[in-house]
Amino acid sequence: MEPPESPVIFSKYANAIAGHHDAIEIPINSTAVDFEAELAFVIGREAKHVSEEEANDYIFGYTIMNDISARDLQFQDGQWSRGKTADTFAPFGPFIVTQDEVGDPHNLAISLELNGEIMQDSNTSNLIFTVPKIISFLSQSMTLMPGDLIATGTPPGVGMGRNPKIWLKNGDRMNVSIEKIGTLSNHVIA
């Protein structure tokens with residue numbers, strides 16, 4: 001896909017939150033549930049009209065997110081909310097690591113393993129938009145609040161982009177690992 005000119009924004013609601021070792025539930029109305037390894041960051045203080053140069057001052061820390069997506073629902077609707085925010089579709093963790101421990105968030109190995117096989121293997125240096133760019137972009141039109149969790153985008157290798165496509169199924173196990181942060185592990189139930 002061609003990279004977008006500006007960040008693509010969608011929301012995930014509280015019902016989508018899941019933790020380390022929690023089950024990811026496949027909705028009864030979807031047959032195309034996908035995985036996306038992503039670096040995420042947590043806002044530490046209120047942020048409005050923030051420049052890219054000052055954006056790091058608003059970050060509490062970094063964590064891992066698996067941006068689970070029901071592709072059939074996502075593209076059926078013409079907008080992404082229903083396909084992205086089904087119950088358990090925002091697993092994150094297992095930790096929030098502070099900026100000083102992570103160092104440069106734009107140079108971290110990131111990978112996703114599905115049932116023992118590497119599906120995604122990349123580095124955050126390949127992000128289309130930097131963390132400061134995302135914070136600045138969002139804060140121009142909305143106030144970011146402490147505790148807001150923002151994902152940054154996924155590397156190649158998602159199930160939708162494979163031939164044949166790989167969709168999550170009952171019993172699958174996923175591990176998303178990001179250097180200096182850890183590994184987020186989840187299993188799938190139908």
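The values are calculated or read from the model by the stated rules, or taken from the named source; none is laboratory data. Predicted, not measured: the structure shown is a model, and the values here were computed from it. Please note: Cβ atoms are built from the backbone with ideal geometry, for glycine as well, and neighbour counts cover all protein chains shown. We work out accessible area using only protein heavy atoms, side chains counted, and drop any ligands, DNA or RNA first. Shrake-Rupley method; radii C 1.70, N 1.55, O 1.52, S 1.80 Å.
What Kirkwood radius, in Å to one decimal, follows from the Cα pairs of region 1-127? Don't skip to the answer; put the middle values down first.
Numbers: mean 1/r = 0.0618 Å⁻¹.
When all Cα pairs of region 1-127 are included, the Kirkwood radius is 16.2 Å.
For region 17-62, what class follows from the C-alpha gyration tensor (a ≥ b ≥ c being the square roots of its eigenvalues): rounded when a/c is under 1.5, otherwise prolate if a/b is larger than b/c, else oblate? Before the final figure, lay out the partial values.
Values: a/c = 3.31, a/b = 2.57, b/c = 1.29.
Prolate shape, in that a/c is at least 1.5 and a/b is the bigger ratio.
Using only the alpha carbons of region 36-190, determine the length spanned along each of the three principal axes and report them from longest to shortest in whole angstroms.
For region 36-190, the Cα extents along the three principal axes come out at 43, 35, 24 Å.
So for each of 62-71, 26-35, 164-173, 6-15 I average, over its residues, the number of other beta carbons within 10 Å; can you give me the resulting order with the highest mean first?
On the way: 62-71: 24.7, 26-35: 18.7, 164-173: 14.4, 6-15: 12.1.
Peptide ranking by packing, descending: 62-71, 26-35, 164-173, 6-15.
Could you please report the charge total around Asp57, scoring K, R as +1 and D, E as -1 over all other residues with beta-carbon less than 12 angstrom from its beta-carbon? Don't skip to the end; give the middle numbers.
On the way: positive: Arg45; negative: Glu46, Glu52, Glu53, Glu54.
Within the 12 Å Cβ shell, the charges total -3.
Quote to one decimal, in nm, the extra length available between Glu2 and Ile128 on full extension: 0.36 nm per residue of separation minus the C-alpha distance between them. Mind showing how you got there, number by number?
On the way: separation 126, 0.36 × 126 = 45.36 nm, distance 1.07 nm.
Here the segment from Glu2 to Ile128 would lengthen by 44.3 nm.
What residue among Asn115, Asn123, Asn163 has the largest mean-square fluctuation in a Gaussian network model of the chain, using Cα springs under 10 Å?
Answer for the Gaussian network model of the chain: Asn163.
Per DSSP helix of 4 or more residues, -39500 (n - 2.57); summed, then divided by the residues of the chain. What does that give at 222 nm, rounded to the nearest 500?
Numbers: 4 runs with 23 residues, N = 190.
Dividing the helical sum by the residues of the chain leaves -2500 deg cm²/dmol.
Just subtract the alpha-carbon distance of Lys180 and Ile9 from 0.36 nm times their residue separation and send over the number in nm, one decimal. Please list the in-between numbers first.
On the way: separation 171, 0.36 × 171 = 61.56 nm, distance 2.63 nm.
My answer for the length gained is 58.9 nm.
What are the principal axis extents of the Cα atoms in region 85-148, in Å, biggest first?
41, 31, 23
At a Förster distance of 45 Å, what's the computed FRET efficiency of Lys48 paired with Ala23, Cβ-Cβ distance as r, to 0.05?
Details: r = 37 Å, r/R0 = 0.82.
In this case the efficiency is close to 0.75.
Counting heavy atoms of the protein chains only and a 1.4 Å probe, report the per residue accessible area for the chain as a whole number of Å². Could you put the intermediate results ahead of the total?
Values: 9380 Å² over 190 residues.
Heavy-atom accessible area per residue stands at 49 Å².
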